[in-house]
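Here is the structure we will look at, set down as structure tokens.
The values are calculated or read from the model by the stated rules, or taken from the named source; none is laboratory data. Since the model is a prediction, treat every value here as computed from it, not as a measurement. As a convention, Cβ positions derive from the backbone with ideal geometry for all residues, glycine included, and neighbour counts pool all protein chains shown.
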Amino acid sequence: MALVLGIDSSTQSCKALLVDAATGQIIDEGRASHPSGSEVDPRAWIAALDQATEGLLERADAVSIAGQQHGMVALDENDEIVRPALLWNDTRSAQAALDLNEEIGGDQAAVDATGSVYVASLTATKMRWMRDHEPENAARTASVMLPHDFLTWHLMGRGRKVTDHGDASGTGYYSTRDRAWRTDLASLALGHEVELPELLAPNAIAGTTPGGVKVAAGTGDNAAAALGLDLQPGDVSVSIGTSGVAGMTVQNSVHDPSGLVTGFADATGAYFPLACTLNGAPVLEFGRRILGVEWEEFDALALAAQPGSGGVTLQPYLEGERTPNRPAAHGVLAGLNSATTREDFARATVEGLLLALDDAVTALVEATGVPVQRIQLIGGGARSQAVREIAPEIFGHEIVVPEPAEYVALGAARQAAWALSGEATPPQWPTPGSDPHRAPKNTELSTRYAKLRDATQGWY
């Protein structure tokens, strides 16, 4: 039996799944935590990777790493780390994004060149921030890698530097039309020429570990999740993790001048446009903490309230926001009155999170022109009973909740199995899920939320 190891090196932790390459059955697993924050020493990821894969890597025939997107790992001419990695959720590069957009010729020019308007999450903006605020570090930087690139490089003994098109497309210096690096844009961001990893096909073997395990190209976490879920045309994945992400697989590159949708490539040779929020499952944690209850009681409180939460509306921009692009925003709680209950607050927390995610789904549909057939709800936040039961009336589409699993790690494992097989298409693995649920969209609630969202524009 051939075994493959899929690794999810996310913002919060590293998860590793040892999987039967033929069936997708999970044989064993491991995990380790990452430091918190939006700036992390990449060596902490290596330590977590080693811990999570202990006793697993040597049993695998092939391995693939899916990593958090956009993070900037800067290396000097000796391949030493220049500074801690700036992660996707570090918003200090918001002004740098505006500057890059202006220098390239505006939003439309940026979209035409890269598939995305420059926003604070993209790697290029981190490079520009470093150039502007840490010029000595920028001058020392000889190569730039993404988190998954860095870890793949480490696994292969720090020889060949590689990446895949899916993760590369989130940098701000990759052309989704040409499926190639835009080295001129990397130079524009950093101020000088910089080495970039070699772009590989999605089913390529990049090399081997020192122990002889074959190493696949790897990809970004969102592309890996789509591969793990085996998304079909019309499927939208809504992931509620540290952030919220809505994405769908399409056959043509997407270029959204509004900047709300990033036109990324996927991990199969197609495209995976995404609309992201900065606020995901931590919104639920915020509600639970404020109420001082455990998760089961929080869900019970939310489900005990009537739809609409007694008129209470939460704008859940607790960490700024990406969709809409308001990096300096804060949360707003509106509609409180003397009759407001703990139940109302709990439900408003869930509704606010889902309504913000619905904004992301709407942006995705408008940018792609592809109608939604169903929504697959994944991520830690999807484990909330209240989220699962309230979601149908917020989205107004069929909701399927796949069986709780580490779909990013599974997607990485599926890529490893694909590379190992040498076949033209990925292996077919089952993805069990819940019975589909559907409810009419609560238009009164979505209208109320939209009014609050629009009214708070420019408050901060």
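The condition of being within 30 Å of Q25 (Cα to Cα) and not aliphatic (A, V, I, L, M) does not hold for E393.
Every residue, every condition in (1) more than 23 Å from M72 (Cα to Cα); (2) crowded, with 24+ Cβ neighbours inside 10 Å, yes or no:
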site: V194; (1), (2): no, no
site: E198; (1), (2): no, no
site: A204; (1), (2): yes, no
site: G211; (1), (2): yes, no
site: A216; (1), (2): no, yes
site: A265; (1), (2): no, yes
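Within region 310-325, the residues that satisfy the criterion of being crowded, with 21+ Cβ neighbours inside 10 Å and not hydrophobic (A, V, I, L, M, F, W, C) are T313, Q315, P316, Y317, E319, E321, R322, T323. Being within 30 Å of R92 (Cα to Cα) and either touching a Lys or Arg at 6+ places or on another chain (Cβ under 8 Å) or buried (at least 16 other Cβ atoms within 10 Å of the Cβ) (or both) holds for only one residue in S64, S38, and it is S38.
When T209, T171, T152, T242 are checked against the criterion of being of a type in the set (V, I, T) and closer than 30 Å to G433 by Cα, T242 stands alone in meeting it. Scanning for something modelled with pLDDT under 95 and surrounded by 23 or more Cβ atoms within 10 Å (Cβ to Cβ), does region 278-301 turn up at least one residue? Among the residues of region 278-301, at least one is modelled with pLDDT under 95 and surrounded by 23 or more Cβ atoms within 10 Å (Cβ to Cβ), which makes the answer yes. If you go through region 416-460 and keep only what is in contact with a helix residue (DSSP H, G or I) (Cβ under 6 Å, 6 or more places away or on another chain) and either of a type in the set (K, R) or assigned to a helix (DSSP H, G or I) (or both), you end up with R438, Y449. Check whether at least one residue in region 384-396 is closer than 16 Å to L229 by Cβ and out of contact with any Phe, Trp or Tyr (no Cβ under 7 Å at 6 or more places or on another chain), and report yes or no. Looking for residues that are closer than 16 Å to L229 by Cβ and out of contact with any Phe, Trp or Tyr (no Cβ under 7 Å at 6 or more places or on another chain), one finds none in region 384-396, hence no. Out of the residues in region 118-143 that are in contact with a Phe, Trp or Tyr (Cβ under 9 Å, 6 or more places away or on another chain) and not in a helix (DSSP H, G or I), state the one that is modelled with the highest pLDDT. The residue in question is L122. Residues in region 14-67 that are within 20 Å of M156 (Cβ to Cβ) and among the acidic types (D, E): D50, E54, E58, D61. Restricted to helices (runs of 4 or more DSSP H) entirely inside region 281-387, those with at least 3 residues that are among the charged types (D, E, K, R) and over 28 Å from L260 (Cα atoms) are 295-304, 342-368. Screening region 159-243 for strands (runs of 3 or more DSSP E) wholly inside it with 3 or more residues that are within 19 Å of L410 (Cα to Cα) and not basic (K, R) returns the ranges 235-240. Selection over region 302-328 of residues that are modelled with pLDDT of 95 or more and closer than 30 Å to R92 by Cβ gives a count of 6. Screening V370, V365, V400, V361 for residues that are surrounded by 22 or more Cβ atoms within 10 Å (Cβ to Cβ) and β-branched (V, I, T) leaves exactly one candidate, V361.
The C-beta contact set for region 446-457 (first residue closer than 18 Å to V361 by Cα and surrounded by 12 or more Cβ atoms within 10 Å (Cβ to Cβ), second residue hydrophobic (A, V, I, L, M, F, W, C) and at pLDDT 95 or above, distance under 6 angstrom, 6+ apart or interchain) comprises Y449/L355. Taking the conditions exactly as written (in contact with an Asp or Glu (Cβ under 8 Å, 6 or more places away or on another chain), touching a residue at least 24 places away in the same chain (Cβ under 8 Å) and not charged (D, E, K, R)), does L274 satisfy them or not? Here the answer is no, as L274 does not meet what is asked.
Does S121 satisfy the condition of being farther than 20 Å from R43 by Cβ and of a type in the set (S, T, N, Q)? So S121 fits the description; yes.
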